[in-house]
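Worksheet: one structure, shown below.
Coordinate-derived values only; no laboratory data. As the structure is a computational prediction, the values presented were derived from the model and not from experiment. Note that each Cβ is placed from the backbone with ideal geometry, even for glycine, and that neighbours are counted across all protein chains shown.
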Amino acid sequence: MTESESAGYDYDYDVVISGAGLAGSAAAILLARRGVRVALLERRSDPEAYKALCTHSLQASAYPVLDELGLVPALEKAGAVRSEARWYTRWGWIEPRAAPGGPELPYAYNVRRSTLDPLIRSRAAQTPGVDLLLGHPVIGLVREAGRTTGVRVSTAQGEREIRARLVVGADGKDSAVAKFAGVPARLYENARFGYLAQFRNLPLSGGVGQTWFLEPDMAYAFPNDGGVTVLAVLPDKKRLPAFREDLEGSFLDFVRALPEAPPIDSAERVSKITGTVNYPLHSRRPTAPGVAFIGDAALTGDPLWGVGCGWALQSARWLAEAVGSSATGQGDLDRSLAVYARRHRRELSGHQYLGADFAKARPFNPVERLMFSAAARDESVARHMHLFASRLIGPLRFLNPVALARASAVNLRHRGAALSKGQRNQAV
Ligand SMILES: Cc1cc2nc3c(=O)[nH]c(=O)nc-3n(C[C@H](O)[C@H](O)[C@H](O)COP(=O)(O)OP(=O)(O)OC[C@H]3O[C@@H](n4cnc5c(N)ncnc54)[C@H](O)[C@@H]3O)c2cc1C
């Protein structure tokens, strides 16, 4: 059955969304503003529920969506911290800064999920056209002639069907909608494990986020709202058996050994140390007949790059832009879904390809050595790297021939300067 054949059906809503996390809530707001009637279903009953396993540093690519959603003033008021960061490498620190007299560097926010998730969910609930149904897990799909035409949900009163022109899976990496629609994910092994915890009184050098590239181990620390700093360590899985023998001791020792280590012994830990020892990257076809996936349900990146929240918000926007009118019955929904799927692939598949390769916990490859070393030595290369890390440019622009040539020139100049310094020292 095509979408036009299903046009005569009696729908309860235009769109039903499974999952009121970041992607689902953002999509509900953006669709409803376009006149779409939305049921936003969330399996958890608590309106304040949030995703605990996250270090919630949102990249600058998320800013335009946060702005469109009208969340920026509330985030600023809640004390969200601009997501500026510096990165440790074996060549020194990469410290992206605005060019003298130039515009400030693009940013988004570090903000705890306990702040962000309830905020965006409540905004969705207040949006005319959105019915937020908490405590409504999706437990199956309504399918007719190979097309999804609704969901089955469990409620306190028993099971019910909700029929809609489009079902959106915004229900995370283990998406129930994907499982019921039979859309498998392609998995890429992640050879690192990760543990994280939140601290108070943990000042960071320069007051900004820090990421340590230790080849292959990683660590990062971000200041957040409420004076809370989140610290994460992501070592090679080879270290897992020893690490687990004394989780707390290993976590603290790992942090103490970091270059310019944050003063963890004088800080107050305000959360448990939580983590994940198996977190493969996922990619899924972003659409199926009558179905679209957004956020982690469509693509789950490597947590170490801090990109998933931004991509959840951005993919919600791409979907709303593509299906905004056809979801109401005006226009060809299948064609709109194809537009969304193409955009999703165009924007994210290159990033995911590089991310999957880096998740092998290998040392830097020659191109990474070139770019990271030059960025540690040169401010304009550092700014270029900031645009890539912020996901404002893709891999092709990041590694364009001009950028590679500039990085090579920086390194040649550096080598020349080091050689002549060595000669001067010998002559003395
Ligand atoms: C260790 C770690 C650190 C991370 N750090 C960062 C970071 O610093 N920055 C960043 O940008 N990203 C980070 N991420 C990624 C980020 O957490 C995710 O990409 C992001 O939460 C995806 O949002 P989402 O809305 O797609 O899914 P989720 O946030 O997972 O929301 C899914 C929602 O669907 C609901 N749901 C699930 N099943 C059903 C069902 N059957 N019926 C109804 N509802 C359902 C869930 O309850 C939930 O509310 C990190 C991830 C990990 C694991």
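Only aspartates and glutamates eight or more places from Lys77 in sequence, or on another chain, were considered; those with a Cα closer than 12 Å are Asp225.
Based on the inverse mean of 1/r over its pairs of different Cα atoms, what is the Kirkwood hydrodynamic radius of the chain, in Å? Over the chain, the inverse of the mean reciprocal pair distance is 22.9 Å.
Normalising the Debye intensity of region 366-427 to I(0), with uniform scatterers on Cα atoms only, and taking log10 at q = 0.16, 0.24 Å⁻¹ returns -0.52, -0.93.
Using just its DSSP H runs of length 4 or more, each adding -39500 (n - 2.57), the chain gives a mean residue ellipticity at 222 nm of -11000 deg cm²/dmol after division by all residues. Spatial offset of region 135-156 relative to region 224-280 amounts to 40 Å, using the alpha carbon center of each. Ranked by the mean number of other Cβ atoms within 10 Å per residue, highest first, peptides 158-165, 307-314 order as 307-314, 158-165. Largest first, the three principal axis extents of the alpha carbons in region 252-334 are 61, 23, 22 Å in whole numbers. Angle check, please: helix 401-427 long axis (alpha carbons) against the longest principal axis of the chain (alpha carbons), in degrees 0 to 90, nearest 10. Tilt of helix 401-427: around 20 degrees. When the pairs Lys173/Lys237; Lys272/Lys360; Lys51/Lys238; Lys179/Lys237 are compared against a 23 Å limit on Cα-Cα distance, Lys272/Lys360; Lys51/Lys238; Lys179/Lys237 fall above it.
Taking the longest Cα principal axis of the chain as reference, the axis of helix 333-358 is set at about 30 degrees. Working note: Debye formula, equal point scatterers on the alpha-carbon atoms of region 88-133, no solvent; log10 I(q)/I(0) at q = 0.20, 0.21 Å⁻¹ is -0.80, -0.83.
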